[in-house]
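The values are calculated or read from the model by the stated rules, or taken from the named source; none is laboratory data. Predicted model only: the values in this text are computed from it and were never measured. A quick note on method: Cβ atoms are made from the backbone with ideal geometry, for glycine too, and the neighbour counts reach across all protein chains shown. Remember, those area values only see protein heavy atoms, side chains included, never the ligands or the DNA or RNA. Shrake-Rupley method; radii C 1.70, N 1.55, O 1.52, S 1.80 Å.
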Amino acid sequence: MCRHLAYVGPPVRLAALLYEPPHALLRQCWAPRRQHDGGTVNADGFGVGWYADAEPIPARYRRAVPMWADPSFADVARVTRTRALLAAIRNGTVGMALDEAAVAPYRDRCWLFSHNGVVDGWPDSVCKLAGTLPAGALLDQEARCDSAFVWLLVRERLRAGAPAGDALAETVRAVAAHTSARLNLLVTDGALIAATTWGHTLAYRWEPGALVVASEPHDDSPGWTDVPDCALLVGTTDGVLITPLEDM
């Protein structure tokens, strides 16, 4: 369920990543090519976070409507340029929040985060994990859904100083130890992208100076590489490292 994308590289228009490619996130709202579990219509909201020059805290735009239902943002995306972004479209899980607060990307300081997947049995299945979080973090949970809770687990690790890749890998292992889940996690600080595969597809395209990481390729051009399942990707404009999660 859901689809997401992150980019770091030379300044590019938002629309060039989100709207204009033949299989961009806009089209993935109703016709994803690699989404085979959890439904195939991502119409429960969309969100985009992007970085402006000299602004360490990214801007966010989130709506609890389908991406195609917001022509005003499409017009903004046509003329807005960024050196880094994280965007997501949502297929909400029955019983979880459907308001704007539940839509990725989630944000903390320079970090943007998205979760592509589902935590089975939430919230009962992860009650023990909730006990590992500070009370203030639980009170600060942005939305009543599994993705917001997974973000808290990642966020607290980042705040404690863990590298982004370690924060994602540790969170995946912690959640998977309590329940079955699909945990494709994606995080960026505007310079680095870290992502996991755990039950869903992921691909990346790297060339010197630019990196795109996405649930699925947004076009059929050469250069896309599929990430194997149960793996961690950490990448910058200088290159990409893939590590099996079992080796960490």
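Suppose every Lys and Arg Cβ carries +1 and every Asp and Glu Cβ carries -1, with no other charges. What dipole size does the chain come out with about its Cα centre, to the nearest 20 debye? List each step's numbers first, then the result.
Details: 22 positive and 28 negative charges, 80 e Å.
I would put it at about 380 debye.
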Checklist entry - What length, rounded to one decimal in nm, is gained on full extension from Thr132 through to Ser180, with 0.36 nm per residue of separation minus their alpha-carbon distance? => result 15.4 nm
Checklist entry - Of Trp50, Phe113, Asn91, whose Cα points farthest to the positive end of the dipole of segment 26-131 (charges on the beta-carbon: +1 Lys, Arg; -1 Asp, Glu; origin at the Cα centre)? => result Trp50
Next on the checklist: Going 7 Å from the Cα of Trp68 along its beta-carbon direction, which residues of segment 74-95 have the amide nitrogen within less than 18 Å of the resulting point?
Outcome noted: 74-75, 88-92
Next on the checklist: At a threshold of 8 angstrom on Cα-Cα distance, excluding pairs fewer than six apart, so keeping six or more, what relative contact order does the chain reach in percent?
Outcome noted: 22 percent
Checklist entry - When the accessible area of the chain is computed with all protein chains present and a 1.4 Å probe, what percentage of it is carbon and sulfur? => result 55 percent
Next on the checklist: Over segment 177-248, what is the relative contact order in percent, taking alpha-carbon pairs closer than 8 angstrom and at least six residues apart?
Outcome noted: 29 percent
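Between Ala59 and Val94, what length comes free when the chain is fully extended (0.36 nm per residue of separation minus the Cα-Cα distance, one decimal in nm)? Working shown, then result.
Working: separation 35, 0.36 × 35 = 12.60 nm, distance 2.89 nm.
Here the segment from Ala59 to Val94 would lengthen by 9.7 nm.
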Checklist outcome for this item: Expressed per residue, the solvent accessible area of segment 18-89 in Å² (1.4 Å probe) is about 46 Å²
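Heavy atoms only, probe 1.4 angstrom, no DNA, RNA or ligands counted: give me Thr171, Thr236 ranked by accessible area, highest first. All intermediate terms of the calculation are to be shown ahead of the outcome.
Working: Thr171 0, Thr236 40 Å².
From most exposed to least exposed: Thr236, Thr171.
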Next on the checklist: Among Arg109, Arg60, Arg13, which one shows the highest mean-square fluctuation when the chain is modelled as a Gaussian network with alpha-carbon springs under 10 Å?
Outcome noted: Arg109
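Dividing the alpha-carbon Rg of segment 9-86 by 2.2 N^0.38 Å yields what?
Values: Rg = 13.1 Å, N = 78, 2.2 N^0.38 = 11.5 Å.
Normalised by 2.2 N^0.38 Å, the Cα Rg of segment 9-86 equals 1.13.
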Next on the checklist: Students often get this wrong: which residues of segment 158-176 have the backbone nitrogen under 18 Å from the point 7 angstrom along Cα-to-C-beta of Arg109?
Outcome noted: 158-168
Next on the checklist: In the chain, if the dipole is taken from +1 on Lys/Arg beta carbons and -1 on Asp/Glu beta carbons about the Cα centre, which of Val126, Leu192, Val41 is farthest to the positive end?
Outcome noted: Val41
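May I ask for the percentage of alpha-carbon pairs in segment 126-208 that lie more than 18 Å from each other?
Details: 1474 of 3403 pairs.
The share of Cα pairs beyond 18 Å in segment 126-208 comes to 43 percent.
Calculate the all-directions average of the projected area of segment 3-244's alpha-carbon convex hull, and give it in nm².
Numbers: hull surface 47.2 nm².
Mean projected area for segment 3-244: 11.8 nm², to one decimal.
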